[in-house]
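This report refers to the structure that appears directly beneath it.
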Amino acid sequence: MVVVVTWRLIVGTLDKADNGETTFLLQFPVWWAYAASLAACVTAMITGVVCALLRWLELIDGTDLLPDPGLVPSPGSESVANSVSDEPATLR
C-alpha cells in the first residue's frame, strides 16, 4: 500500500512543480511541502519493502533474518538475558 501512496505522491509533486502553484500569503512553491513528504514516504516505502522481503525469505528458507519484537533488549541493557527476568514482578 505504501508503494501506491509513494507513487501518487511522486505524481502529485511533479504536477505541483510543473504548474507553479504557490501558497497564498508567503508565495512559497507548494511542491516544497510535497517534496518533504515524499522524502519521508520513500524512506517508509524502502523500509516496508525490505522488511516484507526479509520476512518472505524467512518463510521460504526457515532462517531468522529479522529479530522478533519480543526479543529486542531494552535500552541500557547488555543482552536479551538481562532484560527479561523469570522472577515475578513485585511492588516496592
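Every read-out reported here was derived from the displayed coordinates using simple, explicitly stated rules and does not represent laboratory data. All figures in this text were calculated on a predicted structure; none of them were measured in a lab. Heads up, the Cβs are rebuilt from the backbone with ideal geometry, glycines too, and the neighbour counts pull from every protein chain shown.
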Exercise. Ranked from highest to lowest mean number of other Cβ atoms within 10 Å per residue, what is the order of the peptides 18-25, 53-60, 4-11, 31-38?
Worked result: 31-38, 4-11, 53-60, 18-25
Seminar exercise, completed: Residues meeting the amide H criterion for Thr22 (H placed from the backbone, H to H distance under 5 Å, 5 or more places apart or on another chain) are Val30
Problem set entry | Mean Cα-pair separation over length for segment 1-65, i.e. relative contact order, pairs under 8 Å, 6 or more apart, % | 31 percent
Exercise. What FRET efficiency do you get for Phe28 and Val2 if R0 is 30 Å and r is their Cβ-Cβ distance, rounded to the nearest 0.05?
Worked result: 0.65
